[in-house]
Amino acid sequence: MKRTITAVLYPQSDGGYTVVCPELQGCVTEGDTFAEALHNIREAAELMIDGDDDAMSQLEASNFSGRIIADVEIEA
């Protein structure tokens, strides 16, 4: 079964990205590139929910799925 998860990427000052899946508590990984970070969070999420009923329940109860999160600059 396919599901959509949210990946929140945080650029690191020394390069690369830290990426978090807010639907799954503790699902955090990194990647040297944007594409690698997305690949790694996909793999981490799949490993977390594989056979773990608690993780699957977190995913099913989540309000985040399918959201897009972006930084927006404002005048202040």
Filter the stretch 3-17 for residues that are assigned to a strand (DSSP E or B) and either within 8 Å of the chain's Cα centre (by Cα) or surrounded by 15 or more Cβ atoms within 10 Å (Cβ to Cβ) (or both) and give the result.
8, 9, 17
Residue list for the stretch 23-38, restricted to those being surrounded by fewer than 17 Cβ atoms within 10 Å (Cβ to Cβ) and either farther than 27 Å from residue 61 by Cβ or at pLDDT below 95 (or both)
25, 26, 32, 33, 34, 35, 36, 38
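The values are calculated or read from the model by the stated rules, or taken from the named source; none is laboratory data. Everything numeric here is computed off the predicted structure, so don't read it as measured data. Quick reminder, even Gly has a Cβ in these numbers, built from the backbone with ideal geometry, and neighbours come from all protein chains shown.
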